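To start, the structure itself, in structure tokens.
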Amino acid sequence: MTEARSDWRSEWFEFEDAVYLNAAAIGPLPRVAIRAVQQALEFEKFPHRLPDGAHFARPNRVRSLVATLIGAQPDEIALTTGTSGGLQAVAGGIKWHKGDEILVARGEFPAHFTTWLPLESSAGVKVTVVAPRGRFLTADDFIERIGPHTRLISASLVRFDNAALLDARRVADACHAAGAFLALDAAQCAGAMPIDVAALGCDFLAASGYKWLLSPYGTGFLWVRGALIEQMREAPFYWQALEDAENFHSLSLGKYTRAQGARRWDSSETASFLNLAAMEASLEFVLRAGVHTVWEHNRALLAEMIRRLPSDRCVLASPADPDARGPYACIATRRPDATAALFEKLQKAGAVVALREGALRIAPHLYNSERDIDRLLTVLAV
């Protein structure tokens, strides 16, 4: 159940004198996550207090929390070190054939290229880069490029460089009609935008934990559509994905059967007590606050920023329609060569944003208020 509140700032530590508008880069750990890490350190300090079951109980709780967040089943969730780990698991799990084609959009986050390009030499596939017809990538840009050899489309649900939101359902339907898969990168929206994997229609969805999930660096998840899991190619897996791995007293009895479900793609040393303790606490917090709460809060702040943007100096570098954007927005100076200087000016004024591909990415969260937008706009206007 979500908690009805208007002020969430006290859930985080103060950001000194900074206005932090950079959740799309690193989401700060809330107080509950910091406390959870401190408690987890006690296991390292006093390992005799650590029950054997802790290696499995916490990962399974985190798996269930992620499933709740995206409308999935726990056994469809693998716990990874981030989006890249999830994409790499997909790359290793699909049974590729020579000549298969993978579509990736121009300007995508590098993880998409570092995942798929090596397959050109190792598996004989072809990576085709899709250029948008307009300013922002659309579903039509992908759909028009699907051909008889297209096997997978790899795309961000929300683009890191301009916040453009992909109409994933249309792309998924077109993929499936052609016998192809859709893999979505949800790093820039999971936890800050309502997500239902069934409604999206995708086959795989990967995300990092350290952004909108307010979790430590080195956390993340991969969702695999349940019907696909046992069709994927067999590959080495972490030993805790064995059946009955919980029975520490009988690990060497020669029973090495892989357990069913997506945990076959869990990262090794899954039960990283410090990381998962914080992730569990943060996921509980996000669900308690409500993803919809974060979504509506950000939309309101961004609408105010866009409405008051000094038009003589700045322009919107994201889709103008809020329904076509993710949980943040990008702006740029009217003179493209001046954006970097404006970024430095904001940094010196304590307004922390990100500079990405020639634009300033403004990514608020529940700890931000209209006062923070006022401070941002004051610097932009001078």
What ³J(HN,Hα) values, in whole Hz, does the Karplus curve 6.51 cos²θ - 1.76 cosθ + 1.60 give for the stretch 77-93 when θ = phi - 60°, with x put for Gly and Pro? 10, 10, 9, 10, 8, x, 4, 4, x, x, 4, 5, 5, 5, 4, x, x
Prolate/oblate/rounded label for the stretch 1-110 (Cα gyration tensor, a/c 1.5): oblate
Taking Cα atoms only, Rg over Rh for the chain with Rh from the Kirkwood formula is 0.99
Part-to-part distance (alpha-carbon centres) for the stretch 203-235 and the stretch 314-377, which is given in Å: 29
Determine the per residue accessible area of the stretch 71-218 with all protein chains present and a 1.4 angstrom probe, expressed in square angstrom. 36
Each residue of the stretch 187-197 in order: what ³J(HN,Hα) in whole Hz does its phi give by Karplus 6.51 cos²θ - 1.76 cosθ + 1.60, θ = phi - 60°, with x for Gly and Pro? 4, 9, 7, 4, x, 10, 9, x, 10, 10, 5
Taking H placed 1.01 Å from N in the peptide plane, check which residues at least 5 places from K126 or on another chain put their amide H under 5 Å from its amide H. G99, D100, E101, I102
For the stretch 224-304 the mean separation of alpha carbon contacts under 8 Å (6+ apart) over residue count, i.e. relative contact order in percent, is 27
Of R375, R135, which has the most accessible area with a 1.4 Å probe, and how do the rest follow in descending order? R135, R375
Straight-line reach from K95: which aspartates and glutamates fall under 20 Å, measuring Cα to Cα and dropping same-chain residues less than 8 apart? E76, E120, D203, E230, E234, D266
Per residue of the chain, what 222 nm ellipticity follows from adding -39500 (n - 2.57) for every DSSP H run with n ≥ 4, rounded to the nearest 500? -10500 deg cm²/dmol
Search the structure for amide H atoms under 5 Å from the amide H of T138, placed 1.01 Å from N in the peptide plane, and list their residues when 5 or more places away or on another chain. R133
Structure shown: which of K45/K211; K211/K255; K98/K255 lie over 32 Å apart, alpha-carbon to alpha-carbon? K211/K255; K98/K255
By the C-alpha gyration tensor axes a ≥ b ≥ c (rounded if a/c is under 1.5, else prolate when a/b exceeds b/c, else oblate), the shape of the stretch 80-195 is oblate
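The values are calculated or read from the model by the stated rules, or taken from the named source; none is laboratory data. Keep in mind it's a predicted model, so treat the numbers as computed, not measured. Calculation scope for accessible area: heavy atoms of the full protein, side chains included, ligands and nucleic acids excluded. Shrake-Rupley method; radii C 1.70, N 1.55, O 1.52, S 1.80 Å.
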